[in-house]
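Please find one structure pasted underneath; my questions will follow.
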Amino acid sequence: MFLCGCSYRTDRTAAGEAGIIRVGIDLVRTDRFEFIRGVGGRSFYRRVYTKPEQEAYGDMLSDLAACFAGKEAVSKILGTGLSLGSVDRVSCSDIEILYSQQHVLLSNQARGFAQQLGLVDIVVRFFVASSWVCAIAGGTTDIALHNKMLECIESAGRDVTSRLIHSQNM
């Protein structure tokens, strides 16, 4: 997995506050999710994916991998990482990603961390290169920064995808 998280601070607004864009990136190989089809993998599946995610993705490995990478990327903008039970981290089930609708729903601790950070807008975009899925999440404290955040995400996604394709051709 590729681990990354960063923040971008804008110039001061008229109110004197700086807007912040937080970005989290995660990269996974889709074939690593083959274990989900096995007996032990079903427990992981039930703990990590919400009911709507299970209904949307079934056992499609590439979709499950993308969803998981998205959850990791969102947890990075929250500054916590993912957990299957730790108190100081966000639970996998606290982040719901239905990427066909470009939908991110935060609940419980994830929502609390987002509120503490003042995040008012969170998005996730997915980039695919062969057997890899890259999820890049962005969150901002100022809705006026939405388009700038999307530009940052798209630029990073193109760069990661290009590097993956280049490394596979070597």
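Could you please tell me which pairs satisfy a Cβ distance under 8 Å, a separation of 6+ or placement on different chains, a first residue in the stretch 152-164 that is more than 19 Å from I77 (Cα to Cα) and in contact (Cβ under 8 Å) with a residue 24 or more places away in the chain, and a second residue that is open to solvent by 70 Å² or more (accessible area, probe 1.4 Å) and among the small types (G, A, S)?
That search, which allows pairs on different chains as well, returns L164/S130.
Output the number of residues of the stretch 138-170 satisfying the condition of being hydrophobic (A, V, I, L, M, F, W, C) and over 26 Å from R111 (Cβ atoms).
Of the residues in the stretch 138-170, 4 are hydrophobic (A, V, I, L, M, F, W, C) and over 26 Å from R111 (Cβ atoms).
Out of the residues in the stretch 110-154 meeting the condition of being within 12 Å of the chain's Cα centre (by Cα) and not hydrophobic (A, V, I, L, M, F, W, C), tell me which one is surrounded by the fewest Cβ atoms within 10 Å (Cβ to Cβ).
Ranking the qualifying residues of the stretch 110-154, first place goes to R125.
Given the structure, is S131 of a type in the set (S, T, N, Q) and farther than 22 Å from Y45 by Cβ?
Numbers: of a type in the set (S, T, N, Q): yes; farther than 22 Å from Y45 by Cβ: no.
In short, no.
Something else about it: Taking the stretch 16-36, which residues are in contact (Cβ under 8 Å) with a residue 24 or more places away in the chain and under 16 Å from A65 (Cβ atoms)?
I25, D26, L27, V28, R29, T30, D31, R32, F33, E34, I36, listed by residue number.
Scan the stretch 155-170 and tell me whether some residue there is surrounded by fewer than 18 Cβ atoms within 10 Å (Cβ to Cβ), hydrophobic (A, V, I, L, M, F, W, C), modelled with pLDDT under 85 and not in a strand (DSSP E or B).
So far as the stretch 155-170 goes, yes, one or more of its residues are surrounded by fewer than 18 Cβ atoms within 10 Å (Cβ to Cβ), hydrophobic (A, V, I, L, M, F, W, C), modelled with pLDDT under 85 and not in a strand (DSSP E or B).
Additional query: Just the residues that are part of a helix (DSSP H, G or I) and either at pLDDT below 85 or more than 17 Å from the chain's Cα centre (by Cα) (or both), please, taken from the stretch 14-44.
If the condition is that a residue be part of a helix (DSSP H, G or I) and either at pLDDT below 85 or more than 17 Å from the chain's Cα centre (by Cα) (or both), then D31, R32, E34, F35, I36, R37, V39, G40, G41, R42, S43, F44 are the ones that fit.
Which condition does V104 not pass, out of (1) in contact (Cβ under 8 Å) with a residue 12 or more places away in the chain; (2) surrounded by fewer than 17 Cβ atoms within 10 Å (Cβ to Cβ), if it passes all the others?
All conditions pass for V104, except number (2).
If V87 satisfies all but one of (1) part of a helix (DSSP H, G or I); (2) within 27 Å of P52 (Cβ to Cβ); (3) of a type outside the set (S, T, N, Q); (4) at pLDDT below 90, what's the number of the condition it fails?
V87 satisfies all of (1) part of a helix (DSSP H, G or I); (2) within 27 Å of P52 (Cβ to Cβ); (3) of a type outside the set (S, T, N, Q); (4) at pLDDT below 90 except (1).
So, in the stretch 38-62, of the ones that are touching a helix residue (DSSP H, G or I) at 6+ places or on another chain (Cβ under 9 Å) and in contact (Cβ under 8 Å) with a residue 24 or more places away in the chain, which residue ends up surrounded by the most Cβ atoms within 10 Å (Cβ to Cβ)?
Step by step, filter the stretch 38-62, then rank; the result is E53.
The values are calculated or read from the model by the stated rules, or taken from the named source; none is laboratory data. Given the structure is predicted, the values throughout are model-derived calculations rather than measurements. Cβ sites come from the backbone with ideal geometry, for glycine too, and all protein chains shown count toward neighbours. These area figures cover heavy atoms from the full protein model, side chains too; ligands, DNA and RNA do not enter into them. Shrake-Rupley method; radii C 1.70, N 1.55, O 1.52, S 1.80 Å.
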